[in-house]
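Notes follow once the structure below has been shown.
The values are calculated or read from the model by the stated rules, or taken from the named source; none is laboratory data. None of these values were measured; they are calculated from a predicted model. Because the Cβ atoms are built from the backbone with ideal geometry, glycine has one as well, and the counts that use them run over all protein chains shown. Areas reflect the complete protein model, heavy atoms only, side chains present, ligands, DNA and RNA absent. Shrake-Rupley method; radii C 1.70, N 1.55, O 1.52, S 1.80 Å.
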Amino acid sequence: MEWKLDANRPIWIQLQEQMTRRILSGWYREGEKLPSVRELASEAGVNPNTMQRALAGLDMAGLTVTNRTMGRAVTEDRAVLEGMRSALAEGIIQQFYESAAELGYTKEQALELLKRRDG
């Protein structure tokens, strides 16, 4: 998964969002040790302090846990992971409905578009 950063939004927020998606999609599995802050920063092409700020947000959200001897790892708390996955999906769905409404579709019409696409 490639890092995609936009100069119009704070970089640390974008990093946090992308790390969240990596965790929730299974890129990093439950209990898996994450690369070091420096490794991730180098990979993303950002300052380690910026990456540390993003990772601190993951800690606060409960997606990662820090252990002095092991480093930072993905939580093994499935309730946290499922709750965050569900919240992210609901946000995507809400965005879809809002975008469809801007085009003049009702929720029902937008849902029908989705059904036809999958059908």
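Give the ranking of LYS33, LYS4 by solvent-accessible surface, highest area first, calculated with a 1.4 Å probe. List each step's numbers first, then the result.
On the way: LYS33 105, LYS4 145 Å².
Sorted by accessible area, descending: LYS4, LYS33.
Express in Å², to the nearest 10, the accessible area of SER25 obtained by rolling a 1.4 Å probe over the protein heavy atoms while all chains stay in place.
80 Å²
Please list 3J(HN,Hα) in residue order for region 17-29, calculated via the Karplus relation 6.51 cos²θ - 1.76 cosθ + 1.60 where θ = phi - 60°; whole Hz, with x for glycine and proline.
Values, residue by residue: 4, 5, 5, 4, 5, 4, 5, 5, 7, x, 3, 10, 7 Hz.
Starting with the highest mean, order 50-57, 35-42, 88-95, 62-69 by the number of other Cβ atoms within 10 Å, averaged over the residues of each peptide.
Numbers: 50-57: 19.6, 35-42: 15.2, 88-95: 11.0, 62-69: 12.9.
Per-residue mean Cβ counts within 10 Å order the peptides as 50-57, 35-42, 62-69, 88-95.
Determine the relative contact order of region 41-89: mean sequence separation of Cα pairs under 8 Å and six or more apart, normalised by residue count, in whole percent.
Working: 26 pairs, mean separation 9.3, N = 49.
The value is 19 percent.
Once the Cα atoms of helix 107-118 and of the chain are each reduced to a long axis, what angle between those two axes, in degrees from 0 to 90 to the nearest 10, is obtained?
Relative to the chain, helix 107-118 is tipped by roughly 70 degrees.
For region 14-119, which chymotrypsin sites (Phe, Trp or Tyr not before Pro) are both in a DSSP coil and crowded by at most 16 other Cβ atoms within 10 Å? Show your work: numbers first, answer last.
Details: sites: TRP27, TYR28, PHE96, TYR97, TYR105; in loops: TRP27, TYR28, TYR105.
Passing both the DSSP loop test and the Cβ count: TRP27, TYR105.
Mind listing the phi-derived Karplus ³J(HN,Hα) values for region 41-50, rounded to whole Hz, using 6.51, -1.76 and 1.60 with θ = phi - 60°, and x for any glycine or proline?
4, 5, 4, 7, x, 10, 5, x, 5, 5
Taking H as built 1.01 Å from N, whose amide H comes closer than 5 Å to the amide H of THR64, not counting residues under 5 places away?
So THR64 has HN proximity to ASP59, THR75.
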